[in-house]
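Chemist: My questions will all concern the structure given below.
The values are calculated or read from the model by the stated rules, or taken from the named source; none is laboratory data. Fair warning: this is a prediction, and the values are worked out from it, not measured in the lab. We place every Cβ from the backbone using ideal geometry, glycine too, and count neighbours over all the protein chains shown. Heavy atoms of the whole protein, side chains included, go into the accessibility calculation; ligands, DNA and RNA do not. Shrake-Rupley method; radii C 1.70, N 1.55, O 1.52, S 1.80 Å.
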Amino acid sequence: MAHTAPTPGTAGSAAPGDTNPWATSGIIFAGVLLLVDGVLGVVKGISGIATDDVYAHVRNYTFKFDVTSWGWIHLVLGIVLAVVGWGVLKGAEWARATGVVLAAISVIINFVWLPYQPIWAIISIAIDVFVIWALCTDRSKAVI
């Protein structure tokens, strides 16, 4: 099997209109991460609704909510994120724009929720930031 070297000036570049495989892979990964973040949100929500002992009790916090309220917020957001993640994987155009908006909302919610579960919130923020980047940098029309 012969291996040919790329011609100078063409390595890593794509012609206009070509789909960049890295961008397409990023979109697929973003869809999967939206699904995972949605499932994590559902788990966070159920944990908060089921018992008040799961999360840290925070005193004198500006954005203090009852843990049950946080549970409902995360449950609803998690369900919506999972649905949008599925839409991204199916290649729906509405899902990409909605995914960016919902991931941004999720970043804000997890930042405000940070004192309750810092590590879990930081993981969710990192997932959402990657999702925003992947959905905003893709130029392809269809994923799957």
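Chemist: Within the range 15-32, identify whether any single residue is more than 19 Å from THR137 (Cα to Cα), surrounded by 14 or more Cβ atoms within 10 Å (Cβ to Cβ), at pLDDT 85 or above and in contact with a helix residue (DSSP H, G or I) (Cβ under 9 Å, 6 or more places away or on another chain), and answer yes or no. Reasoning before the result, please.
Modeler: To start, the set of residues in the range 15-32 that are more than 19 Å from THR137 (Cα to Cα) comprises none.
For the range 15-32, residues more than 19 Å from THR137 (Cα to Cα), surrounded by 14 or more Cβ atoms within 10 Å (Cβ to Cβ), at pLDDT 85 or above and in contact with a helix residue (DSSP H, G or I) (Cβ under 9 Å, 6 or more places away or on another chain): absent.
Chemist: Can you tell me which residue among VAL80, VAL112 is at pLDDT 95 or above and open to solvent by 20 Å² or more (accessible area, probe 1.4 Å)? Break it down stepwise before answering.
Modeler: On the way: VAL112 fails: at pLDDT 95 or above.
Exactly one of VAL80, VAL112 is at pLDDT 95 or above and open to solvent by 20 Å² or more (accessible area, probe 1.4 Å), namely VAL80.
Chemist: Now a separate question. Looking only at the range 94-116, which residues are farther than 13 Å from ILE132 by Cβ and either in contact (Cβ under 8 Å) with a residue 40 or more places away in the chain or among the small types (Gly, Ala, Ser) (or both)?
Modeler: Across the range 94-116, the qualifying residues are ALA95, VAL112, TRP113, PRO115, TYR116.
Chemist: Here is a follow-up. Whether any residue in the range 65-74 is open to solvent by less than 50 Å² (accessible area, probe 1.4 Å) and touching a Leu at 6+ places or on another chain (Cβ under 6 Å) is what I want to check.
Modeler: no
Chemist: Hey, another quick one. From (1) under 21 Å from ILE49 (Cβ atoms); (2) within 10 Å of the chain's Cα centre (by Cα); (3) without any contact (Cβ under 8 Å) to a residue 12 or more places away in the chain, pick out the condition that doesn't hold for ALA126.
Modeler: ALA126 satisfies every listed condition except (1).
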